[in-house]
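> Mind having a look at this structure? Questions to follow.
The values are calculated or read from the model by the stated rules, or taken from the named source; none is laboratory data. Remember, it's a predicted structure, so these values are computed and weren't measured experimentally. No Cβ is skipped: glycine too gets one built from the backbone with ideal geometry, and neighbour counts run over all protein chains shown. These area figures cover heavy atoms from the full protein model, side chains too; ligands, DNA and RNA do not enter into them. Shrake-Rupley method; radii C 1.70, N 1.55, O 1.52, S 1.80 Å.
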Amino acid sequence: MSLFTRPLTIPASLAPAARPVSGRWIDPRAQRFGAATSGITLLLALALNAWPIAAAVGLLLALSAGLGTRWFPFARPWPRVRTWLRLAPSELEHELPPRFAQALGATFLALGSGLLAASLAPWGWLPVAAVIALQGLLAVTGFCLGCRLFFLRWWVPDLFARLVGRGIRREALIYVGGA
């Protein structure tokens, strides 16, 4: 993405028929909440040296990446939390970039879990630590590296979009405008 592009967002009040791209549009704060809770879970796995917990988080990320963000249990409490905190609706973003980020996280957790299962503990925790760091970055700042990678021109995001995007083109999800 160039300096002046960003992922497309829409007002929460926009009717589904008026949305620029079909598919599910989500509250990005739910993804931040899910990143925080899954990151804390991964930190717990690291502290306890319990790689099966990291593997379980990876499976849940893979499920959400493949079927949709509504399947990510770490983000499911967000609507209740939002209601409890009496937060107004936010701008919505399309779920495809966060799903791509979840697929990348699941891949790293699978690699780490495989290495840990093979008793290569120091090396296996490195990809898990990378996911923890990126989940923490998303939770604290709202910056999603995996989402940004989705918009780069390379074959992996195109393949992902073809597999799970139901005909949605990445270019349709980019806002191009001034500073």
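> Being at pLDDT 90 or above, assigned to a helix (DSSP H, G or I) and in contact with a Lys or Arg (Cβ under 6 Å, 6 or more places away or on another chain), is that true of even one residue in the range 139-155?
Scanning the range 139-155, I find at least one residue that is at pLDDT 90 or above, assigned to a helix (DSSP H, G or I) and in contact with a Lys or Arg (Cβ under 6 Å, 6 or more places away or on another chain), so the answer is yes.
> Looking at the range 71-128, which of its residues are among the charged types (D, E, K, R), closer than 24 Å to L43 by Cα and touching a residue at least 60 places away in the same chain (Cβ under 8 Å)? Quick ask: steps written out before the conclusion?
In the first step, residues of the range 71-128 are kept if they are among the charged types (D, E, K, R); the result is 76, 80, 82, 86, 91, 93, 95, 99.
Checking the rest, the ones that are also closer than 24 Å to L43 by Cα come to 76, 99.
Matches in the range 71-128: R99 only.
> Inspect the range 159-169 for any residue being farther than 21 Å from L14 by Cα, touching a residue at least 60 places away in the same chain (Cβ under 8 Å), in contact with a Ser or Thr (Cβ under 9 Å, 6 or more places away or on another chain) and among the β-branched types (V, I, T) and give the result as yes or no.
No.
> Can I ask one more? Any chance the range 46-61 includes a residue that's in contact with a helix residue (DSSP H, G or I) (Cβ under 8 Å, 6 or more places away or on another chain) and farther than 23 Å from G136 by Cβ?
No: zero hits.
> Being among the small types (G, A, S) and in a helix (DSSP H, G or I) is the filter here; which residues of the range 119-133 pass it? I'd like the intermediate steps shown before the answer.
Step one: filter the range 119-133 for residues among the small types (G, A, S), giving 119, 121, 124, 129-130, 133.
The answer is A121, G124, A129, A130, A133.
> Any residue in the range 32-51 that is among the β-branched types (V, I, T) sitting within a Cβ distance under 6 Å of a residue that is part of a helix (DSSP H, G or I)? List the pairs, counting only those 6 or more apart or interchain.
T41/V57
> Follow-up. Could you grab me the full set of residues in the range 111-142 that are farther than 20 Å from L59 by Cβ and either touching a Cys at 6+ places or on another chain (Cβ under 9 Å) or aromatic (F, W, Y) (or both)?
W123, L137
> Can you say whether F143 is surrounded by 13 or more Cβ atoms within 10 Å (Cβ to Cβ) and of a type in the set (F, W, Y), as far as the supplied structure shows? Show your work before the answer.
Values: surrounded by 13 or more Cβ atoms within 10 Å (Cβ to Cβ): no; of a type in the set (F, W, Y): yes.
For F143, the condition - surrounded by 13 or more Cβ atoms within 10 Å (Cβ to Cβ) and of a type in the set (F, W, Y) - is not met.
> Let me confirm something: among L137, L149, which residue is in contact (Cβ under 8 Å) with a residue 12 or more places away in the chain, surrounded by 15 or more Cβ atoms within 10 Å (Cβ to Cβ) and within 14 Å of the chain's Cα centre (by Cα)?
Only one candidate qualifies: L149.
> Please determine, by comparing only the residues of the range 156-179 that are of a type outside the set (A, V, I, L, M) and open to solvent by less than 60 Å² (accessible area, probe 1.4 Å), which one is modelled with the highest pLDDT. Walk me through how you get there before you give the answer.
Taking the range 156-179 and keeping what is of a type outside the set (A, V, I, L, M), we get 157-158, 160, 162, 165-167, 169-171, 175, 177-178.
Keeping just the survivors that are open to solvent by less than 60 Å² (accessible area, probe 1.4 Å) gives 157-158, 160, 165, 170, 177.
Values: P157: 84, D158: 81, F160: 87, G165: 80, R170: 73, G177: 55.
Among residues in the range 156-179 that are of a type outside the set (A, V, I, L, M) and open to solvent by less than 60 Å² (accessible area, probe 1.4 Å), the one modelled with the highest pLDDT is F160.
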